[in-house]
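Since the structure comes first, as structure tokens, the remarks are kept for the end.
The values are calculated or read from the model by the stated rules, or taken from the named source; none is laboratory data. Model, not experiment: these values are computed from the prediction. Cβ placement follows ideal geometry from the backbone for every residue including glycine, while neighbour counts extend to all protein chains displayed. Only protein heavy atoms, including side chains, enter the accessible area calculation; ligands, DNA and RNA are left aside. Shrake-Rupley method; radii C 1.70, N 1.55, O 1.52, S 1.80 Å.
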Amino acid sequence: MSKIKHIIFDFDGTLADTWPVMYMAVAGVFRRHDSREVSIEDIYAVAGPTELQIIETHLRNREQVATAVNEFLSDYEQHHDELVERSSAIAELLRTLREAGIGLALFTGKSRRTLDISLEKLRWETEFDHIITGDDVEKRKPSAEGIHRILDKLGWSSEHTIFVGDSNDDMLAGQEAGMRTFAAQWMSIVQDKHYRIEPERIFSDVGEFQVFVLSQAQ
């Protein structure tokens, strides 16, 4: 089996438990501007576009779209510290992988603006070699476009790179890229717990994943 030299991570539900703040901020703008309640299942059902695109597409009060987007960003930033836990295990994972010489990249469906807020709030000491967001691709997950962009940019081979995510779309994107794909189920909220395409392995513990990767990076 090929050595693991690089890892591409999903973000929401994989490296950060951001669904609570995303849901609060999205639900708030639909409540204020459309006078309707949306559940977290409703958000899951339209997930794929960025959070901002969800508002731009589905808000019925078209005159308030720009205002709603700005309110979402404000709420997301204001309540991030309150609703998103900074996981010391994730911070340690990224630091340990980097110290082991493993390349790290992000492929997320988030908008660049919300990702920047989260990265600033989480204050990880580890930087990523490259980041692709939902704003950077023409085809969203489950397309593997974002994965291919990362591989091409960094000159990484799919043979020595793995993809880690929590959703069905992540599993499908990894399969399309022809890459070893793993499911992370270590957050309190994950988008999917059962997969149409089975990952190579499902991890429910960050430490267990770290040990596994290091054992295959030797």
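Can you tell which of ALA16, ALA89, ALA105 shows the greatest fluctuation in a Gaussian network model of the chain with Cα springs below 10 Å?
For the chain, modelled as a Gaussian network with Cα springs under 10 Å, the answer is ALA89.
When the accessible area of region 97-181 is split by element with a 1.4 Å probe, what percent falls to carbon and sulfur? All intermediate terms of the calculation are to be shown ahead of the outcome.
Numbers: 1480 of 3660 Å².
The nonpolar share, carbon plus sulfur, comes to 40 percent.
Can you give the calculated 222 nm mean residue ellipticity of the chain, where each DSSP H run of n ≥ 4 adds -39,500 (n - 2.57) and the sum is split over every residue, rounded to the nearest 500 deg cm²/dmol?
Result for the chain: -14000 deg cm²/dmol, rounded to the nearest 500.
Using DSSP H assignments, which helices in the chain have an axial alpha-carbon span of 18 Å or above and a mean Kyte-Doolittle hydropathy of -1.0 or higher?
19-34, 65-78
Quickly work out the GLU125-to-GLN185 label distance, labels modelled 7 Å from Cα along the C-beta direction, and quote it in nm with one decimal.
It is 3.3 nm.
Residues of region 169-194 with the amide nitrogen closer than 19 Å to a label point 7 Å from the Cα of GLU200, along Cα-to-Cβ, please.
Under 19 Å, as judged by backbone N against the label point of GLU200, lie 169-186 of region 169-194.
Once the Cα gyration tensor of the chain is found, what semi-axes does its equivalent ellipsoid get, as square roots of 5 times the eigenvalues, in whole Å, sorted largest first? Each step should come with its number before you reach the end.
Numbers: eigenvalues 184, 62, 48 Å².
With the √(5λ) rule applied to the chain, the semi-axes are 30, 18, 16 Å.
So for region 1-71, Kirkwood radius off the Cα pairs, Stokes-Einstein at 20 °C and 1.002 mPa s: how many µm² s⁻¹? The partial results should precede the final answer.
Details: Rh = 13.6 Å.
After rounding, the answer is 157 µm²/s.
Mind ranking MET24, MET179 by accessible surface for me, highest first, 1.4 Å probe?
Reading off the accessible areas and sorting them downward yields MET24, MET179.
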